[in-house]
1. Enumerate the calculated ³J(HN,Hα) couplings along the range 260-268 in order (Karplus 6.51 cos²θ - 1.76 cosθ + 1.60, θ = phi - 60°), each rounded to whole Hz, writing x wherever the residue is Gly or Pro.
2. Against the longest principal axis of the chain, how steep is helix 209-232, in degrees 0 to 90 to the nearest 10, with axes from Cα atoms?
3. Give me the extension gain from residue 112 to residue 242: residue separation times 0.36 nm, minus the current Cα-Cα distance, reported in nm with one decimal.
4. So if I place +1 on the C-beta of Lys and Arg and -1 on the C-beta of Asp and Glu, and nothing else carries charge, what would the dipole magnitude of the range 2-207 be about its Cα centre? I want it in debye, nearest 20.
5. If each of residue 229 and residue 168 carries a label point 7 Å out from its Cα toward its Cβ, how far apart are those two points in nm?
6. Which order do the peptides 110-122, 182-194, 144-156 come out in when sorted by mean C-beta neighbours inside 10 angstrom, highest first?
7. With r defined as the distance between the Cβ atoms of residue 156 and residue 272 and R0 fixed at 30 Å, what FRET efficiency is calculated, to the nearest 0.05?
8. Using +1 at the C-beta of Lys and Arg and -1 at the C-beta of Asp and Glu, which of 58, 199, 11 has the Cα lying farthest in the positive direction of the dipole of the chain?
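Bear in mind that the values in this text are calculations on the coordinates, not laboratory data. Small disclaimer: the values here were computed from a predicted structure and weren't measured. Counting neighbours? That spans all protein chains shown, and the Cβs are built from the backbone with ideal geometry, glycine included.
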Amino acid sequence: MVDLLFKKKASSGEVNGVSYLNGEISLKGVSLNVYSYLIDGMLIDTGAHSLHKFFEPFLDEADFDQVMLTHFHEDHTGCAAYVQKTKNVPVYLNEISIASCLMRADYPLYRQLFWGRRKPFQAQPVSGSFQSRSATWDAIDTPGHAYDHKAFLNRETGQLFTGDLFVSARTKLALADESTPEIIRSLERILSYDFLEVFCSHAGYLEDGRKAIERKRDYLLSIQAEVLSLYKDGYSAEEIRRKLFPKTFPIVKFSRGEWDSIHIVTSILREHSLQPHK
């Protein structure tokens with residue numbers, strides 16, 4: 001019954017040899033989306049279980065012989081069990097989260113309502129480099145948003161699939177367990193590679209992806225500098241949040257604070273071994 005309150009839709013397309021499905025779900029001012037990409041016989045992320053009526057036909061029709069998962073979050077792995085049930089193909093994931101994905105997923109109720117309940121699935125560890133049908137790829141460690149996060153770079157085409165590393169150039173919210181300094185390091189690591197196009201799991205196709213990644217890196221560096229400066233001047237973490245991120249977003253209340261600007265501030269202070277002022 002609750003599911004009827006959500007509005008769901010999807011769009012598909014193709015750009016520069018990459019096919020995609022973008023599923024979207026919304027409720028009361030909160031709208032979330034996620035992409036699944038298909039390139040050279042390889043599927044990157046499987047979409048969310050709550051949007052299975054869109055993702056399953058896409059997966060059924062797609063021609064692929066392996067699945068690469070950017071990270072374990074349920075909007076990216078929600079249809080992995082379906083893939084294993086319907087296709088005899090290996091599913092690859094960062095080794096450190098394979099065990100948790102074998103078990104029933106445990107995450108907050110609002111995420112279960114939006115993204116559905118991810119069923120257990122069996123993954124294999126992704127290696128540092130791997131092959132698709134006609135290309136060699138690099139799997140690049142990019143933690144910060146999630147501890148197991150990886151980005152995938154096609155060496156032949158220079159196309160980079162960034163999962164949730166980018167999402168937006170000017171981040172205003174973060175998950176409670178995200179680390180802004182770690183994301184900065186991951187962005188800098190990515191920029192050491194040769195790429196131009198970026199395929200983001202939420203923002204979609206970014207033609208000049210390198211500049212987008214640079215803008216996000218520079219923005220987060222400026223936020224980090226402001227947080228540390230304000231803290232040095234005696235401001236509390238909450239006062240810093242109000243100064244830098246005055247806008248309130250519906251997802252903050254809806255998630256009961258799991259998504260909030262305060263997590264950007266506190267993760268920066270933790271990185272520098274600073275206890276937030278009360």
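1. Running phi through 6.51 cos²θ - 1.76 cosθ + 1.60 with θ = phi - 60° gives 6, 5, 4, 5, 5, 5, 5, 5, 5 Hz.
2. The two axes meet at around 30 degrees.
3. Full extension of this stretch gives 43.8 nm more.
4. 740 debye
5. In this crude label model, residue 229 to residue 168 measures out at 2.3 nm.
6. Output ranking for 110-122, 182-194, 144-156: 144-156, 110-122, 182-194.
7. The computed FRET efficiency comes out at 0.15.
8. Going by the charge dipole, the pick is 11.
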